[in-house]
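Reading through the structure tokens given below for one structure.
The values are calculated or read from the model by the stated rules, or taken from the named source; none is laboratory data. Here the structure is a predicted model, which means the values were calculated and not measured. Ideal geometry is used to build each Cβ from the backbone, glycine not excepted, and the neighbour counts take in all protein chains shown.
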Amino acid sequence: MNATEDSEVKLAEMWSVSGQLLHTPAYRARHAGLLAAALGDRDAAILDAACGTGFPLLELIGLGFRHLTGSDADPDLLARCRQRLAAYPRLRARQPRLIEASWQQLPDRIAETFANVLCVDAAIGFMDSWVTGEMRQGPANIFARVTEVLRNFHAVTAPGGRFFIGLQKNNHKGNRFYPMKVGAMELDGITAEAHWHMTYDWERRIKTWRNIVRVGAREFTQTRHSYLFDLDELAGFLRDAGFARVARLPTPDDLYEDILVAHRAG
Ligand SMILES: C[S@@+](CC[C@H](N)C(=O)[O-])C[C@H]1O[C@@H](n2cnc3c(N)ncnc32)[C@H](O)[C@@H]1O
């Protein structure tokens, strides 16, 4: 088996395979259905601020939401999202705006506010590591950084609006190492499978994610780091960032993430 180490493969390519394995059609439908029920109004303005290749943005369009905007910092993933939109005429007719913007830049890049802002799919911990950026070191600096970035989500949430944020269920303090089989399927006629190995350094508040993807006889691996905090801590950061109230949107055990709904005062 040929092993290709980290730097030879772009994260966008690794993610586009492992993302497809995690987001089976059934997973997408269940996750988006749950969000749709909570979002309610099909005419309210929604920003999916971590839309990447298009999840849950495209599913929500398919479910009849009419005023969607997608943003993401990774131009390669946004290009894939555009390709997917182009492939589905039914979605293309409801073309959402797609904006390249990091969460650090949100209020500078997007002038308006939205009734609902989404940062789901367990993205938040990667704020300084997915695209580029220097990760903060030490719990106090990391917590301050997360709160600072959450303030930007608060700024683009309309008064009286809601911010939906997802966090991996495996980010709980009992975990030190967590190996996970993401899934396997035929992609373009070749068997692809992915395994994730996650290591948790709760003292330093850094999580190490080893993404192992096999496509046919080839194996690709990539290591990424993210900030590490649990759901209760995230709720506290949201309050510190200015949200008036934080509630939990229950998700079934087999969904990868928990979701918090933070309310901006009216
Ligand atoms: C776990 S992936 C989720 C991808 C997406 N749901 C999809 O369907 O492809 C994390 C996403 O967060 C985005 N991201 C990470 N850090 C970011 C930042 N600082 N600003 C904006 N987007 C960021 C990545 O580019 C990526 O699309």
> So how many residues does region 144-154 have that are closer than 27 Å to ALA38 by Cβ and away from the ligand (no atom under 14 Å from the Cβ)?
Replying inline: 2
>> I'm trying to understand the selection: among the residues of region 100-130, which are under 12 Å from GLY166 (Cα atoms), part of a loop (DSSP other than H, G, I, E, B) and of a type outside the set (A, V, I, L, M, F, W, C)?
In response: ASP121
> Taking region 174-232 as the region of interest, how many residues are in contact (Cβ under 8 Å) with a residue 40 or more places away in the chain, hydrophobic (A, V, I, L, M, F, W, C) and closer than 17 Å to ALA123 by Cβ?
Replying inline: 6
> Is region 131-140 home to any residue that is farther than 23 Å from LEU260 by Cα, within 12 Å of the ligand (Cβ to nearest atom) and either modelled with pLDDT of 95 or more or not in a loop (DSSP other than H, G, I, E, B) (or both)?
Replying inline: yes
>> Any residue in region 19-33 that is under 15 Å from THR251 (Cα atoms) and more than 13 Å from the ligand (Cβ to nearest atom) sitting within a Cβ distance under 8 Å of a residue that is in a loop (DSSP other than H, G, I, E, B) and not small (Gly, Ala, Ser)? List the pairs, counting only those 6 or more apart or interchain.
In response: ARG30/PRO252; ARG30/LEU255; GLY33/LEU63
> Do we find that GLN95 is assigned to a helix (DSSP H, G or I) and surrounded by fewer than 21 Cβ atoms within 10 Å (Cβ to Cβ) in this structure?
Replying inline: no
> Which one of the conditions (1) part of a strand (DSSP E or B); (2) surrounded by 12 or more Cβ atoms within 10 Å (Cβ to Cβ) does LYS181 fail to meet, given that it meets all the rest?
Replying inline: (2)
>> Suppose we keep only residues that are surrounded by 16 or more Cβ atoms within 10 Å (Cβ to Cβ) and either free of Cβ contacts under 8 Å to residues at least 24 places away in the same chain or in a helix (DSSP H, G or I) (or both) within region 62-81. Which one would you say is nearest to the ligand (Cβ to nearest atom)?
In response: LEU77
> Of the conditions (1) more than 12 Å from the ligand (Cβ to nearest atom); (2) of a type outside the set (Asp, Glu); (3) under 17 Å from ALA29 (Cβ atoms); (4) touching an Asp or Glu at 6+ places or on another chain (Cβ under 9 Å), PRO96 fails just one. Which one is it?
Replying inline: (3)
>> So, in region 34-51, how many residues would count as being within 16 Å of the ligand (Cβ to nearest atom), part of a loop (DSSP other than H, G, I, E, B) and either farther than 17 Å from MET14 by Cβ or at pLDDT below 95 (or both)?
In response: 2
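Are any of the residues in region 232-245 part of a strand (DSSP E or B), more than 19 Å from the chain's Cα centre (by Cα), under 18 Å from LEU39 (Cα atoms) and at pLDDT 95 or above?
Yes, region 232-245 has at least one match.
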> List the pairs whose first member sits in region 118-129 and is in contact (Cβ under 8 Å) with a residue 60 or more places away in the chain, whose second member is crowded, with 22+ Cβ neighbours inside 10 Å and among the basic types (Lys, Arg), and whose Cβ atoms are under 9 Å apart, counting only residues at least 6 apart or on separate chains?
Replying inline: GLY125/LYS207
